[in-house]
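To keep things clear, I will list the structure first and then write my remarks on it.
The values are calculated or read from the model by the stated rules, or taken from the named source; none is laboratory data. Because the structure is predicted, anything quoted here is derived from the model rather than measured. All Cβ positions, even for glycine, are placed from backbone atoms using ideal geometry, and neighbour counts span all protein chains on display. These accessible areas exclude ligands, DNA and RNA; they are computed on the full protein's heavy atoms, side chains included. Shrake-Rupley method; radii C 1.70, N 1.55, O 1.52, S 1.80 Å.
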Amino acid sequence: MLRIIATPAIVFFILRSDEGSSVPATIIFLLAAITDFFDGLLARRMDKVTKIGKKADPLADRLLISGTIIALAIQGSLPVVGVILVAARDLFIIVGYKLLEERGVELGVSAAGKTYTALIMVAILLSMTGVEINGVRPGWWLFWAGVAGSIVSGAIYVVTGLQHLRASTETKV
């Protein structure tokens, strides 16, 4: 829930900043990303994984990431085309999960999805801080790697979802 609550504050501070570089937004985003990591880790270690957590956690990630990258694109800190691809993929995955769930199919978060999320979060942090090395913005390059990971993980979810849907349909016949 903290990530969902933090997202509007992050967007607000980014939009009020120069080119997306905002210390308050960066701190809030970093804290939100850290809570994401520890929340999942603690839930698994303490055997407290819940159905609501399995649904709310990925949704909170999607909202945090999409809201932040859209604000960064508005400020010119991230490329609009990449942001559209990531946000469209995230929306597609959210709708797809809901449609599969209505048909009795539940998917977990994949390793590719977790990797993509971590990659995008690091890219966002680098972009928010405005880090440049010899005129090169590593946040942009990492963001594009995250866009590619987003597309790959999205394709994996589609294939896995269709396989599960096909299997559940065959067992009902």
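Annotations for the structure displayed:
- Summed over region 96-110, residues that are open to solvent by 70 Å² or more (accessible area, probe 1.4 Å), in a loop (DSSP other than H, G, I, E, B) and over 17 Å from residue 56 (Cβ atoms) total 1.
- Residue match in region 49-61 (condition: closer than 20 Å to residue 3 by Cα, part of a loop (DSSP other than H, G, I, E, B) and more than 15 Å from the chain's Cα centre (by Cα)): yes
- Within region 63-75, residues that are among the polar types (S, T, N, Q) have Cβ atoms under 8 Å from residues that are part of a loop (DSSP other than H, G, I, E, B) and open to solvent by less than 10 Å² (accessible area, probe 1.4 Å) in these pairs: 75/20, counting only partners at least 6 apart in sequence or on another chain.
- Total residues in region 12-22, condition at pLDDT below 90 and surrounded by 15 or more Cβ atoms within 10 Å (Cβ to Cβ): 4
Let's see how each residue does on (1) of a type in the set (Gly, Ala, Ser); (2) at pLDDT below 90; (3) surrounded by fewer than 17 Cβ atoms within 10 Å (Cβ to Cβ):
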site: 51; (1), (2), (3): no, yes, yes
site: 54; (1), (2), (3): no, yes, yes
site: 57; (1), (2), (3): no, yes, no
site: 63; (1), (2), (3): no, no, no
site: 87; (1), (2), (3): yes, no, no
site: 114; (1), (2), (3): no, yes, yes
site: 119; (1), (2), (3): no, no, no
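- Set 32, 9, 25: member being part of a helix (DSSP H, G or I), crowded, with 22+ Cβ neighbours inside 10 Å, without any contact (Cβ under 8 Å) to a residue 40 or more places away in the chain and aliphatic (A, V, I, L, M): 32
- The set of residues from region 67-83 being in contact with a helix residue (DSSP H, G or I) (Cβ under 8 Å, 6 or more places away or on another chain), over 13 Å from residue 14 (Cα atoms) and assigned to a helix (DSSP H, G or I) comprises 80, 82, 83.
- Among residues of region 128-173, those that are open to solvent by 40 Å² or more (accessible area, probe 1.4 Å), closer than 22 Å to residue 111 by Cβ and among the small types (Gly, Ala, Ser), counted: 4
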